[in-house]
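The values are calculated or read from the model by the stated rules, or taken from the named source; none is laboratory data. Computed from a predicted structure; not experimentally measured. Cβ sites come from the backbone with ideal geometry, for glycine too, and all protein chains shown count toward neighbours.
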Amino acid sequence: MEKKKRIALPVQIFIGLALGIIAGLCFMGTPEIAVNYIKPFGTIFLNLIKFIVVPIVFFSIISGVISMKDIRKVGSIGVKTVVYYLCTTAFAIIIGLIFANIFKNAFPVLEVSGLEYEAAEAPSIMDTIVAIFPSNIIAPFASATMLQVIVASLFFGFGIILAGDKGKAFGDFMESANEVSMKIMAFIIALSPIGVFCLITPVVAENGPKILGSLAIVLLVAYLCYVLHAVVVYSSTVKLMGGVSPFKFFKGMFPAMMMAFSSSSSVGALPLNIECSEKLGAKKDIAAFTLPLGATINMDGTAIYQGVCAIFIASCFGISLTLPQQLTIILTATLASVGTAGVPGAGMIMLAMVLQSVGLPVEGIALVAGVDRIFDMGRTTVNITGDAACAIIVSKLEEKKEARKAGRAG
Ligand code: ASP
């Protein structure tokens, strides 16, 4: 019997995205239809992803740690990962600031009197550190607090290794649970084309007219920086340190990037990102650790957005930021992006912290809040692409290290 040829999933997702944009444009006159009848299906899809992402992160990190058999190895991977994340984020914000300064004069000067923005309390740095550690075994899972789930999985992984033979049964169970969660994830990922369609349609229907408004130039500058950062930083690091050609990298990452673009959630794109990165050569145990961590702390796109918006808001208030102030922004935006959760809109809340650090009025956020979703789609795409680049690079570095060790031993 002739087998029917199936369209590959990345192509299906692309079709979903393209059709969603077209449908969104059609609903621009009546966005409530898209919001009331299409968005709920996108929400169901995102809920399913959120439902599976915590078990995936927990079981896959534990399985990854067990397979490394060595706590020091986890430490060495952790250090490489965090260094890559912090350096690329600082670079991202520098690109954002440079371009925002170049285009500053083209930014519209919006009316700032009567602005009101109720800034959600951005946590302090110490609070952020304290919040990494769970105080209870259930709460991090119930509230899907990713950093705490990561810490809990590391502890359990280490515990299993240290318990030796007595921990074996528990370790086997965790590995089996990991396999089962992966199967559930594969099933949910197969629904991505429909999910992407339902997520993007209401966004275009609601925001389409706004994009054409006065903020277009600010959005354009942010997107220019997003693209530049991805092309320059990720292409070069992936090529030089990971040995993967940039073309292959972006082609392989496309499905995860489209998912990030339409869901505006790094955590939402995590399952697909794991799949894409592994296909591009990231090792399973390393991807299991770097990607969930990256979805929580590595936000290059968010850092770019914060830099561009800080300059734009300052110019609306007629304030010119000095060099030391811009250096402060580099520092605070790097930290703020670490504290940003991988969910839609989180970066805007952390923008408050960046503005406050240089004495800019927090109400300025109201100027960009209306189109935050459009900023968010691009920044999330950059955020997850950086995570994948890191997973591939660290895998390659570890591979080289192993080869060197083997060479010395042999
Ligand atoms: N939505 C972004 C993400 O999930 C975070 C942000 O709002 O900047 O990566």
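Observations on the structure shown:
- Residue among Val308, Val221 that alone is in a helix (DSSP H, G or I), more than 24 Å from Lys50 (Cα to Cα), more than 15 Å from the ligand (Cβ to nearest atom) and of a type in the set (Val, Ile, Thr): Val221
- Of all residues in region 366-385 being aliphatic (A, V, I, L, M) and modelled with pLDDT of 85 or more, the one that is nearest to Ser264 (Cα to Cα): Met377
- Test result for Ile33, farther than 27 Å from Asn273 by Cβ and either crowded, with 18+ Cβ neighbours inside 10 Å or aliphatic (A, V, I, L, M) (or both): yes
- Scanning region 314-333 for residues that are within 19 Å of Phe103 (Cα to Cα), among the β-branched types (Val, Ile, Thr), in a helix (DSSP H, G or I) and more than 16 Å from the ligand (Cβ to nearest atom) yields one hit, Ile330.
- Answer residue from region 366-387, given it is near the ligand (Cβ under 9 Å from one of its atoms) and acidic (Asp, Glu) and is surrounded by the most Cβ atoms within 10 Å (Cβ to Cβ) among those: Asp376
- Only one entry in Ala260, Ala336, Ala303, Ala269 is within 11 Å of the ligand (Cβ to nearest atom) and at pLDDT below 90, namely Ala336.
- Region 247-269 residues that are farther than 16 Å from Ile49 by Cβ, paired with ones that are of a type outside the set (Phe, Trp, Tyr) and within 12 Å of the ligand (Cβ to nearest atom) (beta carbon under 7 Å, 6 or more apart): Met253/Thr385
- Hits in region 317-345 - residues which are without any contact (Cβ under 8 Å) to a residue 40 or more places away in the chain and surrounded by 18 or more Cβ atoms within 10 Å (Cβ to Cβ): Leu321, Thr332
- Qualifying residue in region 343-362 (condition: on the phi > 0 side of the Ramachandran plot, more than 8 Å from the ligand (Cβ to nearest atom) and not in a helix (DSSP H, G or I)): yes
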